[in-house]
Amino acid sequence: MIVEQIWTGNSYRNFNYLIVCPETGEALAVDPLDHQKCLAAAKEHGWKITQILNTHEHGDHTGGNAAMIAATGAKLLAHKNAGRRIAGIDRGLRAGDIIQVGKSVELEALDTPGHTMSHVCVLSHTDTPALLCGDTLFNAGAGNCHNGGHPNELYKTFADQLFKLPDDTLVYPGHDYIANNLRFTLAHEPDNKNAEQMLARVRDQDPSRAMVTTLALEKEINTFFRLRSPTVIAKLREAFPDLPDDPDAKTVFVKLRELRNKW
Ligand SMILES: [Zn+2]
Ligand SMILES: [Zn+2]
């Protein structure tokens with residue numbers, strides 16, 4: 001399986017992706033907002049885009065659909081409940097559905113509500129799994145919930161699904177927010193040396209050659225995975241003085257999400 005990460009260079013800092021079967025050259029385009037860059041990458045390598053996956057219904061993820069379908073005739077895949085908000089879905093996805101790309105690539109759909117209530121992530125069935133996570137999980141961060149989502153649901157998605165994936169899972173998010181997210185981590189966990197080192201490494205990175213993290217690394221540098229850290233809890237109490245002595249993970253997550261909204 002080939003994962004081609006395409007940096008759009010737009011103000012929303014979107015990443016688009018092509019997931020390619022190396023045997024047949026067939027490709028699935030994930031949220032191809034910058035359809036021109038996606039088509040150019042496919043042409044350069046001789047790949048044929050046959051499917052489009054929208055992780056969710058926001059315009060910065062669906063805005064390239066029409067032009068991409070016009071250029072390729074690709075079939076459109078999205079969450080089974082996204083039909084009212086995304087035009088022209090050919091295949092509605094449920095948890096556990098398998099998306100075949102060419103001969104050799106299998107992707108499994110995960111139903112991951114929180115950023116919106118009809119958001120899917122996909123996980124590759126490969127020796128080293130790859131997670132295409134849209135606006136649910138970012139490098140060192142989590143998606144917001146104020147355009148059709150809910151923080152309680154996002155917590156459940158993190159705790160019940162993402163946290164349980166293999167540590168070596170590669171993380172491919174829908175946006176490049178890593179530097180700002182690491183600053184948020186460090187503001188709420190100032191003694192996190194891993195986050196500090198990571199920020200020094202990625203602060204000036206070229207997003208067209210972005211560092212790809214793993215879930216193991218995210219568990220070190222992403223505040224939204226560090227809900228038991230005494231430093232995080234103590235810092236949180238500065239903002240929320242009535243926080244209980246031993247807050248549960250969900251409370252910490254939801255309060256962090258609230259602080260991140262104003263960050
Ligand atoms: Zn979004
Ligand atoms: Zn987005």
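The values are calculated or read from the model by the stated rules, or taken from the named source; none is laboratory data. This one's a predicted model, so the numbers in the text were calculated from it and none came from an experiment. Glycine also receives a Cβ, built like all others from the backbone with ideal geometry; neighbour counts cover every protein chain displayed.
A few points about this structure:
- Among the candidates P32, P22, residue that is within 16 Å of ligand 2 (Cβ to nearest atom) and part of a loop (DSSP other than H, G, I, E, B): P32
- Residue selected from segment 159-186 under the condition away from ligand 1 (no atom under 16 Å from the Cβ) and aromatic (F, W, Y), by the criterion surrounded by the fewest Cβ atoms within 10 Å (Cβ to Cβ): F163
- The residue list A41, A82, A95 contains one member that is within 20 Å of E153 (Cβ to Cβ), away from ligand 2 (no atom under 16 Å from the Cβ) and either modelled with pLDDT of 95 or more or aliphatic (A, V, I, L, M) (or both), which is A95.
- Subset of segment 1-53 (residues that are acidic (D, E) and either under 22 Å from G92 (Cα atoms) or within 16 Å of ligand 1 (Cβ to nearest atom) (or both)): E26, D31, D34
- Sub-8 Å Cβ pairs linking a first residue in segment 134-147 that is more than 12 Å from ligand 2 (Cβ to nearest atom) and at pLDDT 95 or above to a second residue that is among the charged types (D, E, K, R) and part of a loop (DSSP other than H, G, I, E, B), at least 6 apart or interchain, are N139/D176, ordered by first then second residue.
- The set of residues from segment 121-157 being out of contact with any helix residue (DSSP H, G or I) (no Cβ under 9 Å at 6 or more places or on another chain) and aliphatic (A, V, I, L, M) comprises V122, L123, A130, L132.
- Lone qualifier among N16, N10 - being part of a strand (DSSP E or B) and either in contact with a Cys (Cβ under 9 Å, 6 or more places away or on another chain) or surrounded by fewer than 16 Cβ atoms within 10 Å (Cβ to Cβ) (or both): N16
- Inter-residue pairs, beta-carbon under 6 Å, first within 13 Å of ligand 2 (Cβ to nearest atom) and in segment 114-128, second modelled with pLDDT under 95 and not hydrophobic (A, V, I, L, M, F, W, C), 6+ apart: T116/G148
- For the criterion of being away from ligand 1 (no atom under 15 Å from the Cβ) and either surrounded by 15 or more Cβ atoms within 10 Å (Cβ to Cβ) or more than 25 Å from N147 (Cβ to Cβ) (or both), G73 passes.
- Listed by first and then second residue, the pairs linking a residue in segment 251-263 that is within 11 Å of F158 (Cβ to Cβ) to a residue that is among the acidic types (D, E), with Cβ atoms under 9 Å apart and 6 or more places separating them unless they lie on different chains, form an empty list.
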